[in-house]
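These notes concern the structure reproduced below.
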Amino acid sequence: MTPILILAAGASRRMGGADKLLQSVAGQPLLEVIVGRACAAGRDVFVTLPGPDHPRAEVIEGTCARPVWVTDADEGMAASIRAGVAALPQGAPGVMILPADMPELTEADLRAALDAFEQAAPPRPILRATDEGGTPGHPVIFPSDLFAKLRCLAGDEGARGVVQAHNDRVALLPLPGGHATTDLDTPEAWASWRAGGGGEG
């Protein structure tokens, strides 16, 4: 089974002092919503967090998710990926990397991506979700033979370089609407999304 790694150790620097992962979506903090959908997908779930005293840590208490403390989270996304991949169980066939600020991704979306990856013939691809127009987004699932490269990432570019270096292995999976590309990391993005009816269901 392919574990899910939720990246939630970022600093929300573009939110003007607010925490984007604690913003309310259908009456719950966004992080709680994303973790709930990941847990419902029936896989092991790991969540990178800045530390046990951070308010986000309380949000995942009582869920299926296992926290992964990222002591060097200020470096950027790479630190979360390194720590998260290092925490994965031995023998995992791959890992779904899921940013926590994507409120339109559903349990069904996650299951569709996991099923597509796990049913692929070896060598398994890098599976990347797209929106319905074909624009690549998230989640992205990396096969285990690339874990070593994920553990060597640096900076705030995430795993983009690994995807680019192995572009011949990328398989695209269209998801409905803008599910794969709607990420909310500014107050303006949140306001626009809510004005369009986001977060009500």
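Could you check how many residues of the stretch 33-65 are in contact with a Leu (Cβ under 7 Å, 6 or more places away or on another chain), of a type in the set (D, E, K, R) and over 17 Å from Ala113 (Cα atoms)?
Residues meeting the conditions: 1.
Sort out which residues of the stretch 102-145 are of a type in the set (A, V, I, L, M), out of contact with any Ser or Thr (no Cβ under 7 Å at 6 or more places or on another chain) and under 26 Å from Asp185 (Cβ atoms), and write them in order of number.
Here is the first cut: in the stretch 102-145, the ones of a type in the set (A, V, I, L, M) are 102, 105, 108, 110, 112-114, 116, 120-121, 126-127, 129, 140-141.
Right, trim to out of contact with any Ser or Thr (no Cβ under 7 Å at 6 or more places or on another chain) and you get 105, 108, 110, 112-113, 116, 120-121, 126-127, 129, 140.
Within the stretch 102-145, Leu105, Ala108, Leu110, Ala112, Ala113, Ile126, Leu127, Ala129, Val140 qualify.
Considering only the stretch 125-192, give the strands (runs of 3 or more DSSP E) lying wholly within it that have at least 1 residues that are under 22 Å from Ala8 (Cβ atoms). Walk me through how you get there before you give the answer.
Numbers: elements: 126-130, 136-143, 170-174.
Filter on the stretch 125-192 gives 126-130, 136-143.
Only one residue in Ala83, Ala121, Ala87, Ala116 is out of contact with any helix residue (DSSP H, G or I) (no Cβ under 7 Å at 6 or more places or on another chain), over 21 Å from Asp183 (Cα atoms) and crowded, with 21+ Cβ neighbours inside 10 Å, so which one is that?
Details: Ala121 fails: crowded, with 21+ Cβ neighbours inside 10 Å; Ala87 fails: crowded, with 21+ Cβ neighbours inside 10 Å; Ala116 fails: crowded, with 21+ Cβ neighbours inside 10 Å.
One residue alone meets the criteria, Ala83.
What's the number of the only condition in (1) in contact with a Ser or Thr (Cβ under 8 Å, 6 or more places away or on another chain); (2) surrounded by fewer than 16 Cβ atoms within 10 Å (Cβ to Cβ) that Ala180 fails to meet?
(2) is the only condition that Ala180 fails.
Checking the conditions here, which among Glu118, Glu107, Glu61 is acidic (Asp, Glu) and without any contact (Cβ under 8 Å) to a residue 40 or more places away in the chain?
Working: Glu118 fails: without any contact (Cβ under 8 Å) to a residue 40 or more places away in the chain; Glu107 fails: without any contact (Cβ under 8 Å) to a residue 40 or more places away in the chain.
That would be Glu61, the only listed residue that is acidic (Asp, Glu) and without any contact (Cβ under 8 Å) to a residue 40 or more places away in the chain.
Count, please, the residues in the stretch 12-38 that happen to be surrounded by 19 or more Cβ atoms within 10 Å (Cβ to Cβ) and either within 14 Å of Met96 (Cβ to Cβ) or free of Cβ contacts under 8 Å to residues at least 12 places away in the same chain (or both).
4
Every number here is computed from the coordinates shown, using simple stated rules; none is lab data. Given the structure is predicted, the values throughout are model-derived calculations rather than measurements. Reconstructed Cβ throughout: ideal geometry from the backbone, glycine too, with neighbour counts over all protein chains shown.
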